[in-house]
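Asker: Input: one structure, supplied below.
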Amino acid sequence: GKQGWIGCHTAHQYKHGCCLYFTYAGVQFDDSDLTTFLKIKRAATEAMLRYKGNLSHHHGIGYEHVPWIGRHYGPTGLALLQRMKQELDPNGICNPGKVLPPARNKGESDEQYAKRCKGLEMFDKMGLPGQPAPVTSKL
């Protein structure tokens with residue numbers, strides 16, 4: 001029984017397609033609305049990647065998209081970007097976890113790495129009800 005609205009417009013039309021901009025809004029009634037938003041965001045992003053869409057247009061990639069960046073660029077592309085970040089920011093102080101997932105630590109297990117990455121995701125930063133405090137990187 002909750003109402004809201006969804007809008008869509010096209011921008012930057014090209015020979016092979018255009019960029020669709022979706023906007024949706026509604027009144028937030030309780031904490032379950034944030035959970036609903038995050039489920040919609042995850043489903044929409046999964047659909048974009050499944051159909052070869054892009055995570056972002058000219059606005060760039062931000063922390064909302066970090067969980068999908070490895071799939072978007074592939075393992076080689078992600079490794080290259082992480083190596084460039086390491087060269088330019090060897091102490092990892094420039095926006096840790098906000099553009100790229102962190103590089104894997106030497107000897108870090110898959111489970112440890114997944115947990116560390118999860119702690120840096122946008123979903124944890126938004127404060128889902130009932131979730132533990134986010135894991136922060138040490139500067």
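Asker: Among the residues of the range 39-60, what is the count of those that are open to solvent by 50 Å² or more (accessible area, probe 1.4 Å) and either over 14 Å from Leu20 (Cα atoms) or outside any helix (DSSP H, G or I) (or both)?
Answerer: 12
Asker: Then there is this: Out of (1) out of contact with any Asp or Glu (no Cβ under 9 Å at 6 or more places or on another chain); (2) part of a helix (DSSP H, G or I); (3) among the aliphatic types (A, V, I, L, M); (4) surrounded by 11 or more Cβ atoms within 10 Å (Cβ to Cβ), the odd one out for Leu20 is which?
Answerer: Condition (2) is where Leu20 drops out.
Asker: Okay, next question. Among the candidates Asn91, Asn95, which residue alone is open to solvent by 80 Å² or more (accessible area, probe 1.4 Å), at pLDDT 80 or above, farther than 30 Å from Gln3 by Cα and within 16 Å of the chain's Cα centre (by Cα)? Show your work before the answer.
Answerer: Values: Asn91 fails: within 16 Å of the chain's Cα centre (by Cα).
None of the other options fit; the residue is Asn95.
Asker: Also: What pairs come up if the first residue lies in the range 61-81 and is within 17 Å of Leu38 (Cα to Cα) and open to solvent by 20 Å² or more (accessible area, probe 1.4 Å), the second is part of a helix (DSSP H, G or I) and among the aliphatic types (A, V, I, L, M), and their beta carbons are under 6 Å apart, counting only those six or more places apart or on different chains?
Answerer: Pairs that qualify, where the first residue is within 17 Å of Leu38 (Cα to Cα) and open to solvent by 20 Å² or more (accessible area, probe 1.4 Å) and the partner is part of a helix (DSSP H, G or I) and among the aliphatic types (A, V, I, L, M), are Tyr63/Met122; Glu64/Met122.
The values are calculated or read from the model by the stated rules, or taken from the named source; none is laboratory data. Keep in mind the model is a prediction, meaning the values are calculated, not measured. Here Cβ is always computed from backbone atoms with ideal geometry, including for glycine, and neighbour counts include all displayed protein chains. SASA here: full protein model, heavy atoms, side chains in, ligands and nucleic acids out. Shrake-Rupley method; radii C 1.70, N 1.55, O 1.52, S 1.80 Å.
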